[in-house]
Each structure stands twice: as C-alpha cells, then as structure tokens.
Amino acid sequence: MKSVGSYTVSWYEEDYFANHYKYRDFPRHDAVFPKLLAIKPKSVLDIGCAYGFIVRRCWDKGIRAVGLDVSNWCGRNFAAPGYYVRAVGWAIPFKDKSFDAIWCEGVLEHIPEDKVEQMFQEFSRVADRGILGVSYSHPETNHHVCNHDFQWWKERIPKNFMLGKSGESLDLEADWYVKP
C-alpha cells in the first residue's frame, strides 16, 4: 500500500483524542508494558506518548521517562505532569544518547513517509535500542498516512530496535522482529 492523505499536526488535538478516538488508559497498556520492562531500560523516551500512560508506568517502576508528542491537548492532559515535551519524532529536542530506550507504539503509521527515515535516524541518535509497534491494519483512516505492510517496516527499523504489530494484538505478538 502507498501513503494516503497528508499529515496535519492539528489532527492530534482534542477532537482526535476526546471525540474521534476516545483515547484512554486501555487495558493493552498493562499488557504491553512488560515488553518494555523486559529490556530493562534505565530511561525511556515515549514517542507519540498521547496522555503519557506508559511514561507514568515507567516512573512508577523507578524508570526515568519522558513523553514526546505533537499535541498541545495531550500536554494539558498528561498523566505524568512535568515529563511531556511537544515535538515531532523526526526532530527530537534531546542530546545524543539521552535515553536508554525508545518506546513508540501505534505512531509510525501516522508519520509522513518522507519523514520515516529521518525519524528512525533520530531514534538511533537519542537511544541505542527501542521497541516499536506499527499498526497497518486500518489503512482506511485519514490519520494513517504511511500504510505499508510489516515487511516494509522491518526493512527500515534501526539496528537493535524491535518491531511488533501494534493495536489489539501487540501484547499477544510472539514473533517480534529484531534487526541484526
């Protein structure tokens, strides 16, 4: 599949999170969090963090964490006040190796295709490893502007990053891919 639509930062404000998507602390956050704990990070940057539910879970476990998202709305409704940065994932405002790991789940399909490589370069610059989840099963949504299959994403992820299928199956995904 090819990219569809065009990316607009303003999509990701109150209407998207409160009305369209009805975003909340889903049970899958509890289900996927052990994937992150399994790599034993000391610090985490959550790219596309929304309300910061993973960031809050990290702090609850003694892991330094910061959330990054494009949304002003999310910043005002963040579950871990003081640990939110508004920015895009292809221009991360942190120094090299500022974090031990990146967490980015259910975000990649929202990124313009022409920014994917730059975003992955930023991920590698800011952290040596990470866990990425991509949802490619809903190409009909206007918010998914980079619709490609799992193989396409596997070919592009940074070294030492894991890739899994995002969405309802992320917590059940047994066949995670780690680039050699």
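Below are the figures for this structure:
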item: Filter result (in a helix (DSSP H, G or I), of a type in the set (D, E, K, R) and modelled with pLDDT of 90 or more) within the stretch 99-139; result: Asp114, Lys115, Glu117, Glu122, Arg125
item: Single match in Val88, Val44, Val32, Val66 (criterion: closer than 22 Å to Phe120 by Cα, touching a helix residue (DSSP H, G or I) at 6+ places or on another chain (Cβ under 8 Å), at pLDDT below 90 and of a type in the set (Val, Ile, Thr)); result: Val32
item: Of residues in the stretch 108-133 being touching a helix residue (DSSP H, G or I) at 6+ places or on another chain (Cβ under 9 Å) and of a type in the set (A, V, I, L, M), the one farthest from Phe150 (Cα to Cα); result: Met119
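The values are calculated or read from the model by the stated rules, or taken from the named source; none is laboratory data. It should be emphasised that the depicted structure is a prediction, and the values quoted were computed from it without experimental measurement. Neighbour counts run over all protein chains shown; Cβ positions are idealised from the backbone, glycine included.
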